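Working notes, structure below.
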Amino acid sequence: MSDPSPAANPASAPAPHPAPGAFAHWRAHLPTLPQALASLLQTVVVALFVLTFIVQPLLIPSESMERTLLVGDFVLFNKQTYAPAGSLGRWLLPYRSPARGDIVVFHHPYPPMLIKRVVGLPGDRLRIAGGKVFINGVALGEPYAVFEPAAPNPARDNFPGELYALPGPQVDTRWWDQMQTLNHNGEIVVPPDQYFVLGDNRNHSQDSRYWGFVPRDAVVGRPLVIYFSLDRPSPSDVELILPEPAQPPVDDRLGHERELAAKVAAFARWRRIFHVVH
């Protein structure tokens, strides 16, 4: 005769109860409120340190650096690459002076911060003829420069040219006064501790051609990476007049999930995220 006891019938045996100290052991590993607040405070301090001394976010608002940087790009720039001697950058990150071809972020009276590319270094003899930059008499190779359609502009296309007989409407008057002493035989010499900068979108950029040099102590950083990019149109894009397409018949069906996916995909330039800036 079979034994009806629970020990003889494992399937009918009651489920084992957890050890009395199991939940207490699990709760012991949860952080207390003071520990959680301390961890949050440490995270905030580290983030503030990084944003204050190492990197800073920047939104590209205009088309002046297309096609390198587009309207709507969010960029992190390194604040230590061009840091003054003896600063944090000496031991944390490499320190050096701006080089030709570098994209730099710098202080400017209006707007308070700009981003352009260094073209002329201290001591360079510089001129622009037909949109082409010449440094010390040699044409500068610039694969990054683009020339979108725009109306002719003597200050932009030939620098320093006959424009400086009178200041143009976009030229800063103080820069125009300074140009009277700098223009020698159709060239200018970049002064010590000054830089001549241009936008990559040469026909749609307000830069050194219009307001002068950038002092060395005004340079604050160099862009590193695009960490996000909103899909925003460029003001300099040429609008083509096309015939209106035939209107589809009215359809009152509810939209599909692919329509939402298309809107999300069009919200940002996903392929530009984490793109390294050169």
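Only the coordinates and a few stated rules stand behind these numbers; no lab work does. All values derive from a computational prediction rather than experimental measurement. Every residue, glycine among them, receives a Cβ derived from its backbone with ideal geometry; neighbour counts consider all protein chains shown.
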- Query: Under 5 Å between amide H atoms, partner at least 5 residues away or on a different chain: which partners does Gln56 have, H built in plane at 1.01 Å?
  - Reply: Phe77, Lys79
- Task: Report Rg(Cα)/(2.2 N^0.38 Å) for the stretch 133-218, keeping two decimals.
- Result: 1.07
- Note on the structure: By the mean-Cβ-within-10 Å protection proxy, highest first, 173-186, 124-137 rank as 124-137, 173-186
- Query: Length gain on complete extension for the stretch Arg232 to Leu33, per 0.36 nm per residue less the alpha carbon to alpha carbon distance?
  - Reply: 67.3 nm
- Kirkwood Rh and Cα Rg combined as Rg/Rh, the stretch 106-148: 1.04
- Task: Count the net charge of all other residues whose Cβ sits under 9 Å from the Cβ of Thr68, scoring Lys and Arg as +1 and Asp and Glu as -1.
- Result: 0
- Query: For the stretch 50-229, what percent of Cα pairs sit more than 31 Å apart?
  - Reply: 15
